[in-house]
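Asks: The structure under discussion is supplied below as structure tokens; questions concerning it will follow.
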Amino acid sequence: MSFLRKSLLIMCSLLIATAVLVPAGAVHAADQKWINQVWSDYKAFNKKTVDTYNKYQARIEQDYKRFNDKSQAALDELERKVLEDQEHWVQLLNDDYEALSARYADGSLNMRNQLMKYNRYINPGHMGSPMYNYARQANIGMLNSTMWKLDKELNDAFLNSYMWTYREAINPASLNSSAFKFKNTVNESYLNSAMYKLRNASSSSSLNSPMWKYKMGRISKTAAKNEYNKLFKKYTTEMSQSNAVRKKEIADMASSTQKKVEQLYIQTVLSLEEQREKTLQSISDLRKEITGEGLEWEPLFEEEEIKF
């Protein structure tokens, strides 16, 4: 009887020991489906998030391209209009000079001097002349001219220009840009990004993750679920908040750039109109001294053309 009692006690002890030792393997076998489901849910979340990011990135690039194309078209049209106007006036005034020279061929020395002065005034190649000043401000290749300043700010290859700054903000390859930060927040391979941390938390192969600790039998399923749910909420909230900040930065940059370009364009048009007015007025005043009659002209830009 004593032997039987001892045998039963030994068997009970073995059963208790087995109950303590088995859970890790038993839990893994029984709940591998749950572990797999957590990983599958993470992959689905990752794909949805990355797809949403890619669509957003494509959209802001399209927005940039549309605005850039519009800006370049406006610049080209402005340059064309001003250069055509200059060509018109240079031809008209040269013809006028020839006619005046013939009319006053026998004029006094003072008259001949006035005609020479008139010829200089209408010559866009004569430095400091009224027509030179108009031509210079409209010359897109002339450093610091009115048109050059507009062209510079619309050139996305010109360092720190309006369009360069805008382009950099939406370029995910530009270090520390808003788009760069946005891309890496949702990149599961970017060290310590929110998505990187969520991936690790969701993986049973990641050391000390809730799934790993449960798989190894170190915590219960309930504890693993609670810990994972907290981490999931933490990292997805981190992603959401970070992405909202990045989107606002990009939207603000786009809006700010558009306003700056519009203001500069209007300022450029008004400056060119003002210079044209000064040029034609100076030439007209001199012509009036010579012939008693000045020039007549209309503004180059109508009111609706001053808008961007």
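All of the numbers you see were taken from the coordinates with simple rules; none came from a lab. Since the model is a prediction, treat every value here as computed from it, not as a measurement. Quick reminder, even Gly has a Cβ in these numbers, built from the backbone with ideal geometry, and neighbours come from all protein chains shown.
Asks: What are the residues in segment 252-286 that are surrounded by fewer than 14 Cβ atoms within 10 Å (Cβ to Cβ) and of a type in the set (Gly, Ala, Ser), if any?
Replies: Passing the criteria: only Ser255.
Asks: Still on this structure, please answer the following. If we keep just the residues of segment 166-182 that are at negative phi and in a loop (DSSP other than H, G, I, E, B), which is nearest to the chain's Cα centre (by Cα)?
Replies: This residue is Ile170.
Asks: Something else now. Pairs needed: first member in segment 213-236, in a loop (DSSP other than H, G, I, E, B); second member anywhere, not β-branched (Val, Ile, Thr); C-beta distance under 7 Å; at least 6 residues apart or different chains.
Replies: Final answer for the pair search is Met216/Ala24; Gly217/Pro23; Gly217/Ala24; Ile219/Lys213.
Asks: Does segment 195-204 include one or more residues that are touching a helix residue (DSSP H, G or I) at 6+ places or on another chain (Cβ under 8 Å), without any contact (Cβ under 8 Å) to a residue 24 or more places away in the chain and of a type in the set (S, T, N, Q)?
Replies: no
Asks: Can you say whether Tyr97 is in contact with a helix residue (DSSP H, G or I) (Cβ under 7 Å, 6 or more places away or on another chain) and either touching a residue at least 24 places away in the same chain (Cβ under 8 Å) or in a helix (DSSP H, G or I) (or both), as far as the supplied structure shows?
Replies: So Tyr97 passes the test.
Asks: Okay, next question. Six or more apart or on different chains, Cβ atoms under 6 Å: show the pairs whose first residue is in segment 57-78 and more than 16 Å from Ala179 (Cα to Cα) and whose second is in a helix (DSSP H, G or I) and not aromatic (Phe, Trp, Tyr).
Replies: Correct list of pairs: Ser71/Leu154; Ser71/Val261; Leu75/Leu154.
Asks: Given the conditions (1) within 28 Å of the chain's Cα centre (by Cα); (2) in contact (Cβ under 8 Å) with a residue 40 or more places away in the chain, report the number of the one that Leu272 does not fulfil.
Replies: Here Leu272 clears every test but (1).
Asks: Then there's this: Please state which one of Ser256, Ser282 is over 30 Å from Val38 (Cβ atoms), touching a Pro at 6+ places or on another chain (Cβ under 9 Å) and hydroxyl-bearing (Ser, Thr, Tyr).
Replies: Numbers: Ser256 fails: touching a Pro at 6+ places or on another chain (Cβ under 9 Å).
None of the other options fit; the residue is Ser282.
Asks: Could you look through segment 135-150, keep only residues that are surrounded by 19 or more Cβ atoms within 10 Å (Cβ to Cβ) and under 24 Å from the mean Cα position of the chain (by Cα), and pick out the one that is farthest from Pro124 (Cα to Cα)?
Replies: Here the residue is Leu150.
Asks: Given Met131, Met163, which one is outside any loop (DSSP other than H, G, I, E, B) and either among the charged types (D, E, K, R) or in contact with a Pro (Cβ under 6 Å, 6 or more places away or on another chain) (or both)?
Replies: The unique qualifying residue is Met131.
Asks: Same structure again: Can you find even one residue in segment 49-60 that is among the acidic types (Asp, Glu), assigned to a helix (DSSP H, G or I), out of contact with any helix residue (DSSP H, G or I) (no Cβ under 8 Å at 6 or more places or on another chain) and within 30 Å of Asn184 (Cα to Cα)? Full working, then the answer.
Replies: Narrowing segment 49-60 to residues among the acidic types (Asp, Glu): 51.
Filter once more, so that each one left must be assigned to a helix (DSSP H, G or I): 51.
Pick out the ones that are also out of contact with any helix residue (DSSP H, G or I) (no Cβ under 8 Å at 6 or more places or on another chain) and you get 51.
Keeping just the survivors that are within 30 Å of Asn184 (Cα to Cα) gives 51.
Yes: segment 49-60 contains one or more residues that are among the acidic types (Asp, Glu), assigned to a helix (DSSP H, G or I), out of contact with any helix residue (DSSP H, G or I) (no Cβ under 8 Å at 6 or more places or on another chain) and within 30 Å of Asn184 (Cα to Cα).
Asks: Let me ask another. Every residue in segment 122-181 that is touching a Lys or Arg at 6+ places or on another chain (Cβ under 6 Å) and either among the hydrophobic types (A, V, I, L, M, F, W, C) or under 15 Å from Ser71 (Cα atoms) (or both), please.
Replies: Met142, Asp156, Phe158, Ser161, Tyr162
Asks: Among the residues of segment 85-121, what is the count of those that are surrounded by 11 or more Cβ atoms within 10 Å (Cβ to Cβ) and either of a type in the set (Asp, Glu) or under 30 Å from Met163 (Cβ atoms) (or both)?
Replies: Within segment 85-121, residues that are surrounded by 11 or more Cβ atoms within 10 Å (Cβ to Cβ) and either of a type in the set (Asp, Glu) or under 30 Å from Met163 (Cβ atoms) (or both) number 5.
Asks: For residues in segment 287-308 being of a type in the set (D, E, K, R), over 30 Å from Asn160 (Cβ atoms) and exposed (fewer than 15 other Cβ atoms within 10 Å of the Cβ), which is nearest to the chain's Cα centre (by Cα)?
Replies: In this case the residue turns out to be Glu304.
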